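Structure first, commentary second.
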């Protein structure tokens, strides 16, 4: 006797990933850049359809293990594909030519507000906000910062260090005097180092954005930067530029395609230094060092999705009828 076949709906339910099946952000790949392609959802998964002289090639995208998807010019995407990316917690960033600008983003659905609450409390308290900003500069410089140092003094220290850093790499690669220049309206007139640095920074912003959203924080509530929807993204990305995008960009000073080379090399560098786990841990440490120390690196956000606020005990369990017994 032939066993009964499962219906298409049942098969779809079995194929749908659960929270325990999805990788944590620390396990994710970094980012994938796609342009001149159509991204669709088929019966197997999300794929990129690319027209070639031989016909249409299909490349499947590992959505459940991908932190950030960068969509360049000439790319279209279907609503079904976007829904799958959102369900898997993948941030989608719409970028400009060569991935040199981030125009918009589709945010992943976070699982808990724990770290958003830590971020909001620190951001709303001026004393705590100054402490976090100072910790960012300390983490960026890699050395102690005197407690009396003001933010204005820290910005001056940062400017001097960046000048010195550019000079060191320029001398190392024998390219003469270097001046940082980012002008999208005159993109083709810029030198390879500036093109590579802009492309690498945009990719880095996408990955940082994805990590921030994956742990439930707001990209808008910055501690050093302010006034933009990506202020916290810029705060966190600045912590790593001196060790990632800047040396990478100078190494591509003679590249004929610095934007593409920068994205590819940055992806490999992120794998080598395991940037995503470091991002998550650093963000948590900045917002609440004690809570970060107690956080298990292997935790996969196995927490209640919804709680009820209680002014006395902080939170109360949801899914309970609190009506007084008759």
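Sort 217, 68 by Cβ crowding within 10 Å, fewest neighbours at the top.
The fewest-first ordering by Cβ neighbours comes to 217, 68.
Answer rounded, prolate or oblate for region 114-293, using the Cα gyration tensor with square roots of eigenvalues a ≥ b ≥ c: rounded when a/c is under 1.5, else prolate when a/b is larger than b/c, else oblate.
Because a/c hits 1.5 or more and a/b exceeds b/c, region 114-293 counts as prolate.
Arrange the peptides 227-235, 153-161 so that the one whose residues have, on average, the most other Cβ atoms within 10 Å appears first.
Put in order of decreasing packing, that is 227-235, 153-161.
Sort 309, 115 so the one with the fewest other Cβ atoms within 10 Å of its own Cβ comes first.
So the ranking, lowest neighbour count to highest, is 309, 115.
Over region 114-293, what is the relative contact order in whole percent, taking alpha-carbon pairs under 8 Å and six or more residues apart?
Taking the mean separation of contacting Cα pairs over the length of region 114-293, I get 27 percent.
Bear in mind these aren't lab numbers, they're just calculated from the coordinates by the rules spelled out. Remember, predicted model here, so these are calculated numbers, not experimental data. Ideal geometry is used to build each Cβ from the backbone, glycine not excepted, and the neighbour counts take in all protein chains shown.
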